[in-house]
1. Taking Cα centroids, how far is the range 131-152 from the range 88-109 in Å?
2. Which one, Ala49, Ala71, Ala172, has the greatest fluctuation when you compute a Gaussian network model over the chain with C-alpha springs under 10 angstrom?
3. Cut-off is 10 Å between beta-carbons; in what order do Val87, Val48, Val94, Val54 appear when sorted fewest neighbours first?
4. Any chance you could list the semi-axes, whole Å, largest first, of the equivalent ellipsoid that the Cα gyration tensor gives for the range 127-253, using √(5λ)?
5. Loop-only trypsin sites (Lys or Arg not before Pro) in the range 158-198, please: DSSP not H, G, I, E or B, and at most 16 other Cβ atoms within 10 Å.
6. Given the options Asp159, Asp16, Asp107, which has the most mean-square fluctuation in a GNM of the chain, springs set between C-alpha atoms less than 10 angstrom apart?
7. PRE reach from Ala202 (point 7 Å along Cα→Cβ): which of the range 131-166 fall under 14 Å by backbone N?
8. If you build a Gaussian network model of the chain, linking Cα atoms that sit under 10 Å apart, which residue out of Ala18, Ala45, Ala26 swings the most?
Amino acid sequence: MTRRPYVAGNWKMNLDRASAVALARAVREHVGAQAPYDCALFAPAVYVAAVAEVLAGSPVKVGVQNVHDMASGAYTGEISVAMAKDVGAASALVGHSERRALFGEADAFLAKKAKAVLDGGLELVFCVGETLAEREAGRTEAVVETQLRLGLGALPRTDWTRVAIAYEPVWAIGTGRNATPAQAGEVHTFLRALVGKMVDAATAEALRIQYGGSVSAANAAELLAVPGIDGALVGGASLKIESLRAILDAARR
Ligand code: PEP
């Protein structure tokens, strides 16, 4: 099966309104009306509406980097899935290692968020990945298996059509040290087989698994050439149109 490549930019806590709008406009222009890949931009929540306006009518989607699992209530500072959708978000990131490590988001909470995202009608990019210590201890597969089983193990099979997984080794995020195509490819193969066991073979075959961790204009083509690497979740290099364009072009295959 050929899976449609999926490239997403995670802007994190960067840009201001004007630069987010300008970058979205440039991405829209580059992608055009039709492209042989999917593209989403995960903007800071306060800029989602402005970015959605720029992207209206374009195949490029806007997403949120975080949501709360509850629908409403006394959760100061949080936003619900319905709120994100209301301002134009089509997708949400859950399980990013920065949320796990810096904000203490544990597997059980991430499972609730993933369910809320899908129940609320958004698409989901669910991130998993090991730390350097875990890799060096030979625990990569055990770690990503636990993250995936605890995060998405309870999803009904039908929800999986709106799920992408991002394999993001923590040691590769923002460090300039990407996983080699072989290292990433091995984990993608493992994750796909795992989804085959958790759900079924057809779901595993159709699932898009992005690689994330220092993807750049220079390394995107070799990473995306690996069978089983179906796209990229891009942090730093998604903040500049020149590098993002090159990564999108590498997804034309
Ligand atoms: C990310 O934020 O998900 C990421 C992969 O960042 P970077 O591309 O900067 O490593």
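1. Each part reduced to its Cα centre gives a spacing of 16 Å.
2. Ala71
3. Sorted ascending by nearby Cβ count, the order is Val87, Val54, Val48, Val94.
4. Those come to 24, 18, 12 Å.
5. Arg177
6. Looking only at Asp159, Asp16, Asp107, the biggest GNM fluctuation is shown by Asp16.
7. 157-161
8. Its mean-square fluctuation being the largest, the pick is Ala18.
We did not get these values from a lab; they are worked out from the coordinates using the rules stated. Here the structure is a predicted model, which means the values were calculated and not measured. Note: ideal-geometry Cβ built from the backbone for every residue, glycine included; neighbour counts use all protein chains shown.
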